[in-house]
Amino acid sequence: MAIEIRWHARGGQGAVLASRFLAASALRENKYFQAFPQFGTERMGAPIVAFTRVSPSPIHLHCAVVEPDVVAVMDPTLLGQVDVLAGLKPAGTVVVNYPGPVEELRRVLGVKDGGVRVAAVDATRISSEELGRPIPNTPMVGALSRITGVVGIDNVLAEFRESMGARFKPPVVEANLRAIRRAYEEVQVG
Amino acid sequence: MPRLIGLTGDGAAAEAMRQIDPDVVAAYPITPQTEIVERFAEFVADGLVNTEFVAVESEHSAMSACCGSAAAGARTITCTSSQGLALMHEVLYIAAGNRLPIVLINVNRTLSAPLNIHCDHSDSMGSRDSGWIQLYCENVQEVYDTVIQAVRIAEHPQVMLPVMVNLDGFVLSHSVERLELLDDEEVREFVGPFRPVVDLLDLEHPPALGALVAPEFHFEHKYAQWLAIDGARAVIEGVGREFGERFGRNYGLLDPYRLEDAELALVVLGSTAGTARVVVDDLRERGIRAGMLRIRCFRPFPADEIVEALKGKKAVAIMDRAGTQGGEGGPVFGEVRAALYTRGVFLPVINYIYGLGGRDVPAASVARVFTHLGQVAEAGRVDRAVNYLDLRGWN
C-alpha cells in the first residue's frame, strides 16, 4: 500500500530534510518514494508544508498530497494556526511533536474518538536532551516509523548512520540515533 | 552494476554531468537550477572531474563561453532557468547557427513579471524557435538518462546542434525520487569521446566560424540548419533505443500511454504526464477509454508521429504550461492542431493552459479535463477552444 504523508513545520526546523530522510530510508526496503516541499515562499519561522510518498510500486503522481494518510506536525504552536487535519483520510493518522499527554492533544485537535489515530511525541524535549538543541526533525521520523510502519526503525537508523555519517561528527550522529530511537519508544497513541 | 539512490532532479542532473566529465562547464546559478551548479562546483573542487569550470558573471556570458569552448572542440555543458535562459536568448541562436553541440539543462521556471521562481514552460517555449533540440523529462530518472543521451545526440556528426534538456522546476528539480544510477564507466563508454566536426584549434585544417554572410547565402545556411534539426529525429530515436538496449529504459520522440484504443486523449509535456497516467488508469477502471500522449521531443517537432498517434480519437485535449499572450492558446496547441489539420485529420481539439507560475496540477484537475473532453466527444464539436485549468475568476 502506498502511504502519503504531509509534514507541517516552521521554516528552519528541518521538515524538508526529514521528508527526504524518511524517503531515503524506504529505499532500504526496496520501496519507491518521493519527497518534496510545498512550493511556496519559505522563510525561517513561517509555517511550511512538505510531502513524502512511499509505495511498493513506482510513483507517477507529480502533484501535492491533498488527502494524506498521515500528517506529521513538527511544531505544536502550529495547532490552531494551520488546519493540519485538512484532507486527512477518515482512518488516517496524525503525529504531533507535543509536550503533553495524548488525550489532551486529541482535545486540542478536536478529534473525536474512533476514526483518526492521534499520536504524541515530545520531540523537542528529546532533541534538546540528546542533541542539546531543539531540532525535532529526526525524532519525528522515529515516531513515524513506530506509528505508521512506513519504514522499519532499523532501516531508519541505518540510513541516518550512512547518509549523515560524513556530514556530522560521530557524537552528533550517535546523539541523533539515540533521539530517533527514544522517539520510537516514547511516542504515545491515543 | 547500477546503484539505487534517492536524488532530486537537480542532483540527478549534476550526477550525470559528473559521470560525463565534460571539458568545460560555464554556468551561473539561478533558482531552481542552483543545486546543479553548486553540486558540480563541489565535484570540481573535490577533483572528481577534469572539467574547466568557468564561473561567469551572467547567463549571457555563460552561453558565450560555451560557444567559444564548443567551437574549440571541447565537450561543453551549461544549465540555467527562466530569466537566465532569457538572458542567453541571442546567444542561443549563435550556438545553433554555428552548429555547436552544447548541452543545456534548463530547469523550467516562469518568466517575470510577476516575479515568481516556480514552474512553467514559458522560459523554454520562448526559445523554441532558436534552433535548439528540446527534450522534456517526466521524472528524475528521465532527467538523469536524458542528460547522458543529450551529449550523444548533440555531438552526432549528422546533428551537430545544441540540445536543451528540460525538467520542471521544483516539481522535479527539488523532489527526491528513486533513481537508478549507472556506473561511471558505463556512462563514459556510452557517451564516448567527443570528435568535433569543426575544431577551431585544428591548425592543420583551419576553419572559419561565425563569419558574416551576405543575403546571397544566408537563406541556404538556415535551410541547412533546418535539415539538420529535422534529421535529428532519427538520431534522438536511435540514441534512445541504444540506451534502452544497454540499460533497460527506452526513450523515443513520443511516449504514448494506453493510447491505442483510447477515445479521449490528453497531450502533455513534462512531469504532469505522470499525474495523467494515474488519471488515465483511474478512468479506464471506470470504463472510460482515456489515453495520454507525452511529447518528449518538442524540437524537432514530431508532427507525423503525433498525427499518427492521435488520428481516430474522438476528442483531444492539448495541455500547455505556457501561454502565447495575444495568440490563440498555447504553443503546443497551435502546433499539434496545425499538424492534424494540414494532414486532413479533423477531430475536435481543445487547449488547456495549466500550472502557470507553479500552480499545482492535482489528479482531480486533470480528471476534469477528461470530463470536458467527454462532453466535446459526445457533441462532436468544440464548445470552447482555449481553457484555463484551475484559474480563479474564470469559468
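Could you tell me whether any residue of segment B:319-341 is surrounded by 18 or more Cβ atoms within 10 Å (Cβ to Cβ), farther than 22 Å from B:ILE288 by Cβ and of a type in the set (Phe, Trp, Tyr)?
For segment B:319-341, residues surrounded by 18 or more Cβ atoms within 10 Å (Cβ to Cβ), farther than 22 Å from B:ILE288 by Cβ and of a type in the set (Phe, Trp, Tyr): present.
Test A:ALA91 against the criterion of being under 24 Å from B:GLY358 (Cα atoms), among the small types (Gly, Ala, Ser) and in contact (Cβ under 8 Å) with a residue 24 or more places away in the chain, and give yes or no.
Spelling it out, it is not the case that A:ALA91 is under 24 Å from B:GLY358 (Cα atoms), among the small types (Gly, Ala, Ser) and in contact (Cβ under 8 Å) with a residue 24 or more places away in the chain.
If you scan segment B:361-387, which residues turn out to be more than 18 Å from B:LYS314 (Cα to Cα) and among the hydroxyl-bearing types (Ser, Thr, Tyr)?
The one that is more than 18 Å from B:LYS314 (Cα to Cα) and among the hydroxyl-bearing types (Ser, Thr, Tyr): B:SER365.
Tally up the residues in segment B:93-119 that are buried (at least 21 other Cβ atoms within 10 Å of the Cβ) and either within 12 Å of chain A (Cβ to nearest Cβ) or free of Cβ contacts under 8 Å to residues at least 40 places away in the same chain (or both), please.
4
Tell me the residue from B:ARG246, B:ARG296, B:ARG195 that is of a type outside the set (Val, Ile, Thr), more than 14 Å from chain A (Cβ to nearest Cβ), closer than 23 Å to B:ARG152 by Cα and crowded, with 17+ Cβ neighbours inside 10 Å, please.
Within the list B:ARG246, B:ARG296, B:ARG195, the selection yields B:ARG296.
Just to be sure, is B:ASP23 at pLDDT 95 or above, surrounded by 22 or more Cβ atoms within 10 Å (Cβ to Cβ) and touching a Lys or Arg at 6+ places or on another chain (Cβ under 8 Å)?
In short, no.
Considering only residues of segment A:11-40 that are among the basic types (Lys, Arg) and surrounded by 20 or more Cβ atoms within 10 Å (Cβ to Cβ), which is farthest from the other protein chains (Cβ to nearest Cβ)?
If we take residues in segment A:11-40 being among the basic types (Lys, Arg) and surrounded by 20 or more Cβ atoms within 10 Å (Cβ to Cβ), then A:LYS31 is farthest from the other protein chains (Cβ to nearest Cβ).
Hey, B:ASN250 hits all of (1) in a loop (DSSP other than H, G, I, E, B); (2) in contact (Cβ under 8 Å) with a residue 40 or more places away in the chain; (3) in contact with a Phe, Trp or Tyr (Cβ under 9 Å, 6 or more places away or on another chain) but one; which does it fall short on?
It is condition (2) that B:ASN250 fails.
Say we look at segment A:94-133 and pick out the residues that are under 26 Å from A:PHE168 (Cβ atoms) and in contact (Cβ under 8 Å) with a residue 60 or more places away in the chain; which of these is surrounded by the most Cβ atoms within 10 Å (Cβ to Cβ)?
A:ALA123
If B:VAL140 satisfies all but one of (1) within 12 Å of chain A (Cβ to nearest Cβ); (2) surrounded by fewer than 24 Cβ atoms within 10 Å (Cβ to Cβ), what's the number of the condition it fails?
(2)
Of all the residues that make up segment A:150-165, how many are part of a helix (DSSP H, G or I) and touching a residue at least 60 places away in the same chain (Cβ under 8 Å)?
Matching residues across segment A:150-165 total 6.
Are there any strands (runs of 3 or more DSSP E) wholly within segment B:1-82 with 3 or more residues that are within 14 Å of chain A (Cβ to nearest Cβ) and closer than 30 Å to A:SER25 by Cα, and if so which?
Here the list reads B:3-7.
Among the numbered conditions (1) within 14 Å of chain B (Cβ to nearest Cβ); (2) over 22 Å from A:SER145 (Cβ atoms); (3) touching a residue at least 40 places away in the same chain (Cβ under 8 Å), tell me where A:CYS63 comes up short.
Condition (3) is where A:CYS63 drops out.
Do we have any residue at all in segment B:286-303 that's more than 12 Å from B:ALA265 (Cβ to Cβ) and modelled with pLDDT under 95?
no
Filter segment B:344-368 down to the residues that are more than 14 Å from chain A (Cβ to nearest Cβ) and more than 16 Å from B:ASP120 (Cβ to Cβ) and list them by number.
Of everything in segment B:344-368, those that are more than 14 Å from chain A (Cβ to nearest Cβ) and more than 16 Å from B:ASP120 (Cβ to Cβ) turn out to be B:GLY344, B:VAL345, B:PHE346, B:LEU347, B:PRO348, B:VAL349, B:ILE350.
If you take the residues of segment B:259-278 that are more than 23 Å from B:SER173 (Cβ to Cβ) and touching a helix residue (DSSP H, G or I) at 6+ places or on another chain (Cβ under 7 Å), which of them is farthest from the other protein chains (Cβ to nearest Cβ)?
Across segment B:259-278, the extreme among qualifying residues is B:GLU263.
State the number of residues belonging to segment B:146-178 that are within 14 Å of another protein chain (Cβ to nearest Cβ) and surrounded by fewer than 24 Cβ atoms within 10 Å (Cβ to Cβ).
2
I'm checking my understanding of the structure. Among residues of segment A:60-75 that are out of contact with any Pro (no Cβ under 8 Å at 6 or more places or on another chain) and over 23 Å from B:ALA273 (Cβ atoms), which one is surrounded by the most Cβ atoms within 10 Å (Cβ to Cβ)?
Across segment A:60-75, the extreme among qualifying residues is A:ALA72.
Among the residues of segment A:76-91, write down those that are at pLDDT 95 or above and small (Gly, Ala, Ser).
Result: A:ALA86, A:GLY87.
The values are calculated or read from the model by the stated rules, or taken from the named source; none is laboratory data. This one's a predicted model, so the numbers in the text were calculated from it and none came from an experiment. Using ideal geometry, Cβ is built from the backbone for each residue, glycine included, and neighbour counts are taken over all protein chains shown.
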